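Colleague: Here's a structure for you.
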Amino acid sequence: MLVLVRVQSRALFFGPYFAVNNFMKLFGLILLAVGLVPVASCQSTPKNMKPENFSISKSEEQWKSELTPEQFRVLRQKGTEYPGSGVYDQHFKPGHYTCAGCGAKLFVSDRKFDAHCGWPSFDAQSEDSNVIEHVDYSHGMVRTEILCKQCGGHLGHVFNDGPTQTGLRYCVNSASLNFEDAKK
């Protein structure tokens, strides 16, 4: 009886109904595999900065010697710190935030708010306009990446879900920032 069952299941395997179902399953698996390869590659490979024309240009060795390992990973390799781990997430002193890579003024403290997302959030950049935007296709989604205009350091992303009149939420890695107290 056991042999008969195997023969019948093999007959079904090569039958026309099963052939169509196998094709659809195989097609679905191929689509899944092709769709996951770019996502997996984006998450596992550090993104080194593209050579662009920024006013401050340094070699990778210079950046490594001047930045902490975490700052280098975030600013130069487009990394992201864990939510809630940054020193400036719940930091609300008066002053301004500068680029940790070059010191360019990026954000002022009176534009900062608590977005409850785990990263420092601002609704506008400073009047110096040292933040530029690029389209970011990493991690299987389309976002707007924000960079320092002077050195090209990766700061984070900007989203159009902010609670203020600007409607923007600049979500910034603390590792990409330094803070300067307001002058008295």
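Colleague: Could you put 146, 30 in order, starting from the residue whose Cβ has the fewest other Cβ atoms within 10 Å?
Modeller: Fewest-to-most ranking of 146, 30: 30, 146.
Colleague: Beta carbons within 10 angstrom, averaged per residue: use that to sort the peptides 104-115, 171-182, 55-66, highest first. Could you put the intermediate results ahead of the total?
Modeller: On the way: 104-115: 18.8, 171-182: 20.7, 55-66: 12.0.
Sorting 104-115, 171-182, 55-66 by mean packing, highest first, produces 171-182, 104-115, 55-66.
Colleague: Additional query: Counting Lys and Arg as +1 and Asp and Glu as -1, what is the net charge of the other residues whose Cβ lies under 13 Å from the Cβ of residue 160?
Modeller: -1
Rule-based calculations on the coordinates, nothing more; no lab input. Small disclaimer: the values here were computed from a predicted structure and weren't measured. So basically every Cβ, Gly included, is an ideal-geometry build from the backbone, and we count neighbours across all protein chains shown.
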